[in-house]
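Supplied in structure tokens, the structure appears directly below.
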Amino acid sequence: MQTFKLMATMGAGLEALVARELKDMGYATQTENGRVFFQGTVEDIYRTNLWLRVADRVKIVVTEFDAKTFDQLFEKTKAFPWEDLLPYDAEFPVNGRSKNSILHSVPTVQAITKKAIVNRLTDAYHARGYLPETGNRFVLETAVDKDHVMITLDTTGDSLFKRGYRTEKGGAPLKETMAAALVNLAHWFTDNPFVDPTTGSGTIAIEAALIGRNIAPGLNREFDITQWDWFDKKIGETLKAQARQMIDFDVELDIEGFDIDENMIEIANANAEAAGVGDDITFKQLAAKDWSTDKINGVLVANPPYGERLGDEDAARQLYSEMGHIYNNMPTWSKYILTSDEGFEEAFGAKATKKRKLYNGALKVDLYQYWGKKIR
């Protein structure tokens, strides 16, 4: 099997988590901003799409070279044997990015890349300057950084956060990949209780249950690579069958999600059912200020409404104060709270053990971590 240079992409601040996921799967990695590189075959491409919880996409690094003129970009792109990857009828849109480079016009970079590939393919397929582009999708990207060109092929299709279980979402949904990242950062073990007190459409609790049961996040969907003629569909079928055998049906999970809005609880229950973890999570209508527990050694992960998200800073800070009033009297629990409000600690009434900068979409947020002292 051919080995490719591969690249997983992810949101800013999540690189270390994706690198850890890949290392746990047995891959050697190299990390840069927003991407982690590794090597693998078509089987590895499918496996990583199926199992990565925090990454957005898996891409093939098709070719790399330096270019300071559009002529160089054209000739070096055309020199690659594109007919090995793209069939005669391939639909191949070309996206572009450029920074700190002489070739700074992104539309021109895209157009020149496209023209070079068309020239190569029309020669290879004796197509007389016309390609139908009526077949399967191969999404390419030409990224130019400091005059270094990297052309990648996206194997994923719809971003990996689209697990296929979210039938409906609330007003300010958290991506599934970010929810999985929060669960990973919380170092939750399945023999401890897990609570999301502002659960919304249930994403954090559902991702915790998928992790707890060892359910592959991509089990209910497919990826662009499945449609390509040089990918053997049996590989995907085999890897999915293996993934189903790896589900832990014996582990007992204690996962709860609460929300003040009764409609969100209905949505959360529907989403959990669609994800196959409906029996693993208890969702209840309850305001954050009304929740309390006598359980110990728990983990609480919350993405409460914040000012920018829902337009009312005073109401958000009132909520943080109410949370602090309860959570600061739960010394064995670890609390992880995500918000963009830099006044959070003051409203909450306690300084965080640690703060971690993340991005919820384009919005800079902080994960405030309060580590519990577990009773053994």
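Cβ-Cβ below 7 Å, separation at least six or inter-chain, first residue in the range 12-38 and on the phi > 0 side of the Ramachandran plot, second open to solvent by 30 Å² or more (accessible area, probe 1.4 Å) and assigned to a loop (DSSP other than H, G, I, E, B): which pairs?
Here the result reads G34/A12, each pair linking the range 12-38 to a residue that is open to solvent by 30 Å² or more (accessible area, probe 1.4 Å) and assigned to a loop (DSSP other than H, G, I, E, B).
Also, quick follow-up: Name the pairs whose Cβ atoms lie under 6 Å apart, with the first residue in the range 242-266 and over 19 Å from I296 (Cβ atoms), the second open to solvent by 100 Å² or more (accessible area, probe 1.4 Å), and 6 or more positions between them or separate chains?
Hits for this filter: E262/Q285; I265/Q285.
Sort through N192, N136, N95 and tell me the only one that's within 30 Å of L253 (Cβ to Cβ) and under 26 Å from the mean Cα position of the chain (by Cα).
N192
Against the condition under 16 Å from L50 (Cβ atoms), in contact with a helix residue (DSSP H, G or I) (Cβ under 9 Å, 6 or more places away or on another chain), assigned to a helix (DSSP H, G or I) and open to solvent by less than 10 Å² (accessible area, probe 1.4 Å), how does L210 come out, does it pass?
Numbers: under 16 Å from L50 (Cβ atoms): yes; in contact with a helix residue (DSSP H, G or I) (Cβ under 9 Å, 6 or more places away or on another chain): yes; assigned to a helix (DSSP H, G or I): yes; open to solvent by less than 10 Å² (accessible area, probe 1.4 Å): yes.
It is true that L210 is under 16 Å from L50 (Cβ atoms), in contact with a helix residue (DSSP H, G or I) (Cβ under 9 Å, 6 or more places away or on another chain), assigned to a helix (DSSP H, G or I) and open to solvent by less than 10 Å² (accessible area, probe 1.4 Å).
Conditions: (1) part of a strand (DSSP E or B); (2) at pLDDT below 95. S292 meets all but one. Number of the miss?
Just one mismatch for S292, condition (1).
When residues of the range 320-364 are filtered for being touching a residue at least 40 places away in the same chain (Cβ under 8 Å) and out of contact with any strand residue (DSSP E or B) (no Cβ under 9 Å at 6 or more places or on another chain), how many remain?
4
For the range 120-163, which positions are on the phi > 0 side of the Ramachandran plot and in contact with a Leu (Cβ under 9 Å, 6 or more places away or on another chain)? Lay out the reasoning, then the answer.
The first filter runs over the range 120-163 and keeps only residues on the phi > 0 side of the Ramachandran plot, leaving 126, 128-129, 133, 146-147, 157.
Of everything in the range 120-163, just one residue is on the phi > 0 side of the Ramachandran plot and in contact with a Leu (Cβ under 9 Å, 6 or more places away or on another chain), namely D147.
So, of the residues in the range 17-74 that are among the polar types (S, T, N, Q) and within 21 Å of Q2 (Cβ to Cβ), which turns out to be surrounded by the fewest Cβ atoms within 10 Å (Cβ to Cβ)? Spell out how you get there, then give the answer.
Step one: filter the range 17-74 for residues among the polar types (S, T, N, Q), giving 29-31, 33, 39, 41, 48-49, 63, 69, 72.
Filter once more, keeping what is within 21 Å of Q2 (Cβ to Cβ): 29-30, 39, 41, 48-49, 63.
Details: T29: 17, Q30: 12, Q39: 14, T41: 14, T48: 25, N49: 27, T63: 18.
Filtering the range 17-74 for residues that are among the polar types (S, T, N, Q) and within 21 Å of Q2 (Cβ to Cβ), the one surrounded by the fewest Cβ atoms within 10 Å (Cβ to Cβ) comes out as Q30.
Take the conditions crowded, with 18+ Cβ neighbours inside 10 Å, of a type outside the set (D, E) and out of contact with any strand residue (DSSP E or B) (no Cβ under 9 Å at 6 or more places or on another chain) and apply them to F258. Does it pass?
Details: crowded, with 18+ Cβ neighbours inside 10 Å: yes; of a type outside the set (D, E): yes; out of contact with any strand residue (DSSP E or B) (no Cβ under 9 Å at 6 or more places or on another chain): no.
No: the conditions fail for F258.
Further question: Kindly state which helices (runs of 4 or more DSSP H) lie completely within the range 297-370 and contain at least 3 residues that are loosely packed, with under 14 Cβ neighbours inside 10 Å. Walk me through how you get there before you give the answer.
Numbers: elements: 307-310, 313-327, 344-348.
Output list reads 313-327.
If you take the residues in the range 75-85 that are within 21 Å of T3 (Cα to Cα) and touching a strand residue (DSSP E or B) at 6+ places or on another chain (Cβ under 8 Å), which one is least open to solvent (accessible area, probe 1.4 Å)?
Kept after step one, since they are within 21 Å of T3 (Cα to Cα), are these residues of the range 75-85: 77, 79-85.
With touching a strand residue (DSSP E or B) at 6+ places or on another chain (Cβ under 8 Å) added as a condition, the list becomes 77, 80, 85.
On the way: T77: 0, F80: 46, L85: 15 Å².
Within the range 75-85, the match that is least open to solvent (accessible area, probe 1.4 Å) is T77.
Identify all residues within the range 283-294 that are out of contact with any helix residue (DSSP H, G or I) (no Cβ under 8 Å at 6 or more places or on another chain) and surrounded by 15 or more Cβ atoms within 10 Å (Cβ to Cβ); write none if there are none.
Within the range 283-294, L286 is the sole residue that qualifies.
Where in the range 110-205 are the strands (runs of 3 or more DSSP E), entirely inside, with at least 2 residues that are open to solvent by 10 Å² or more (accessible area, probe 1.4 Å) and of a type outside the set (K, R)? Quick ask: steps written out before the conclusion?
On the way: elements: 139-145, 148-154, 194-196.
Once the strands (runs of 3 or more DSSP E) in the range 110-205 are filtered for at least 2 residues that are open to solvent by 10 Å² or more (accessible area, probe 1.4 Å) and of a type outside the set (K, R), what remains is 139-145, 148-154.
How about the range 223-251: which of its residues are surrounded by fewer than 18 Cβ atoms within 10 Å (Cβ to Cβ) and part of a loop (DSSP other than H, G, I, E, B)?
D229, W230, D232, M246, I247, D248, F249, D250, V251
Please verify whether the range 327-336 includes one or more residues that are touching a helix residue (DSSP H, G or I) at 6+ places or on another chain (Cβ under 7 Å) and more than 23 Å from D191 (Cβ to Cβ).
No - not one qualifying residue is present in the range 327-336.
The values are calculated or read from the model by the stated rules, or taken from the named source; none is laboratory data. A quick note: this is a predicted structure, and the numbers were derived from the prediction, not measured. All Cβ positions, glycine included, derive from the backbone under ideal geometry; neighbour counts span all protein chains shown. With ligands, DNA and RNA removed, areas are computed over all heavy atoms of the protein, side chains included. Shrake-Rupley method; radii C 1.70, N 1.55, O 1.52, S 1.80 Å.
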